[in-house]
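The values are calculated or read from the model by the stated rules, or taken from the named source; none is laboratory data. The model shown is predicted, which means the values in this text are computed figures rather than measured ones. All Cβ positions, even for glycine, are placed from backbone atoms using ideal geometry, and neighbour counts span all protein chains on display.
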Amino acid sequence: MKTFITIFILALSTTAFAQDPQLFENEWYLQNVIIDGQDNFPPSNDDVPFITIAFIQNNSFISTYVCDALEGTVIYTNSEFLVNGWSMTLGGCFGPFAQENTLFQGIYLDTFFVGNVDDPFNYNIIDESNSKTLVITSSSGDEAIYSNQLLSRNNFEISKFSIHPNPAKNELFIAAQNTTENLKIKIFNIEGKLLSTQSITLQDQKAIDVSQLLSGIYFLNIEDENGNTTTKKFIKQ
């Protein structure tokens with residue numbers, strides 16, 4: 001049986017503010033962890049087929065895992081949450097995928113969550129027509145992106161898009177690791193409001209016009225012809 005140890009306990013008292021109920025009503029599957037602008041896609045193998053995060057409203061509890069589980073109590077303030085203490089199992093990763101899973105666990109659990117335990121995390125939920133995206137942002141600007149739909153390993157590979165330039169002034173371009181014909185593009189503001197929708201083809205390298213947007217942070221939702229979606233954050237100068 002795995003033994004829990006206390007990593008860090010932060011004592012404070014505050015009043016909890018209203019949270020978005022969607023945070024608790026959905027099961028969230030991890031899609032990507034972005035550290036210093038670098039994508040880190042989660043493993044999908046026999047030992048770790050997928051990774052979820054759960055927010056339990058009644059007891060203000062958060063739980064996520066790779067091989068080991070990371071759990072804590074949460075205090076909410078509007079669109080932010082502060083973890084009031086972490087506990088983590090120490091079983092480690094074993095089996096043929098141990099190296100891959102251990103590497104990602106260090107990035108996701110240790111660097112993204114435990115490494116930012118002193119500061120609050122911002123969260124934003126993008127409600128689309130056929131799926132929802134949860135973006136958790138640390139105080140250092142790193143991001144963990146989740147979907148309420150479980151994607152297969154192939155779908156994760158398809159979702160490897162990049163955008164440039166970022167920050168953008170007037171135009172934004174999309175590049176794909178795999179060949180994709182038609183893409184549906186949606187732009188959301190930081191509050192999750194849909195601002196525009198358009199369709200493009202990567203062969204044409206059609207630019208996405210962002211010149212009319214005010215300076216600030218936005219989310220670009222990309223949906224391929226098979227219905228797979230991914231979300232990228234960009235800054236409009």
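Tell me, please, whether a residue that is of a type in the set (A, V, I, L, M, F, W, C) and under 19 Å from residue 39 (Cα atoms) can be found in region 93-102.
The initial filter retains those residues of region 93-102 that are of a type in the set (A, V, I, L, M, F, W, C), namely 93-94, 97-98.
Now drop any that are not under 19 Å from residue 39 (Cα atoms), which leaves none.
No, region 93-102 contains no residue that is of a type in the set (A, V, I, L, M, F, W, C) and under 19 Å from residue 39 (Cα atoms).
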- Item | Close pairs from region 28-45: first in contact (Cβ under 8 Å) with a residue 24 or more places away in the chain and assigned by the TED database to the domain that holds residue 131, partner among the small types (Gly, Ala, Ser) and buried (at least 22 other Cβ atoms within 10 Å of the Cβ), Cβ under 7 Å, at least 6 apart | 29/147; 30/144; 31/147; 31/159; 33/144
- Selection count where residues are touching a strand residue (DSSP E or B) at 6+ places or on another chain (Cβ under 6 Å) and over 27 Å from residue 196 (Cβ atoms), scope region 115-137: 3
- Item | Scan of region 57-97 for residues that are under 16 Å from the mean Cα position of the chain (by Cα) and surrounded by fewer than 21 Cβ atoms within 10 Å (Cβ to Cβ), ordered by number | 62, 63, 65, 79, 80
- Residue within region 98-121 that is surrounded by 15 or more Cβ atoms within 10 Å (Cβ to Cβ), among the aliphatic types (A, V, I, L, M) and over 15 Å from residue 69 (Cα atoms) present: yes
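State which residue is farthest from residue 35 (Cα to Cα) when the search covers only region 103-113 and only residues that are among the aliphatic types (A, V, I, L, M) and under 16 Å from the mean Cα position of the chain (by Cα). Explain how you work it out, then say what you get.
Residues of region 103-113 among the aliphatic types (A, V, I, L, M): 103, 107, 109.
After this cut, where a residue has to be under 16 Å from the mean Cα position of the chain (by Cα) as well, the list is 107, 109.
On the way: 107: 8, 109: 12 Å.
Ranking the qualifying residues of region 103-113, first place goes to 109.
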- Message: Would you confirm whether or not region 216-228 contains a residue that is over 17 Å from residue 136 (Cα atoms), modelled with pLDDT of 75 or more and among the hydroxyl-bearing types (Ser, Thr, Tyr)?
- Response: no
- Message: What's the number of the only condition in (1) in a loop (DSSP other than H, G, I, E, B); (2) surrounded by fewer than 18 Cβ atoms within 10 Å (Cβ to Cβ) that residue 48 fails to meet?
- Response: (2)
- Message: List the residue pairs whose Cβ atoms are under 7 Å apart, where the first residue sits in region 88-115 and is on the phi > 0 side of the Ramachandran plot and assigned by the TED database to the domain that holds residue 72, the second is part of a loop (DSSP other than H, G, I, E, B) and hydrophobic (A, V, I, L, M, F, W, C), and the two are 6 or more positions apart or on different chains.
- Response: 92/67
- Item | residue 113 vs. criteria at pLDDT 90 or above, among the hydrophobic types (A, V, I, L, M, F, W, C) and in contact with a Gly (Cβ under 9 Å, 6 or more places away or on another chain) | yes
- For region 160-174, pairs from a residue that is without any contact (Cβ under 8 Å) to a residue 60 or more places away in the chain to a residue that is part of a loop (DSSP other than H, G, I, E, B) and not aliphatic (A, V, I, L, M), with Cβ under 7 Å and 6 or more apart or across chains, are 170/211; 173/205
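Mind listing whichever residues of region 198-237 are among the hydroxyl-bearing types (Ser, Thr, Tyr) and crowded, with 19+ Cβ neighbours inside 10 Å?
In the first step, residues of region 198-237 are kept if they are among the hydroxyl-bearing types (Ser, Thr, Tyr); the result is 199, 201, 211, 215, 218, 229-231.
218, 229, 230, 231 - these are the residues of region 198-237 that are among the hydroxyl-bearing types (Ser, Thr, Tyr) and crowded, with 19+ Cβ neighbours inside 10 Å.
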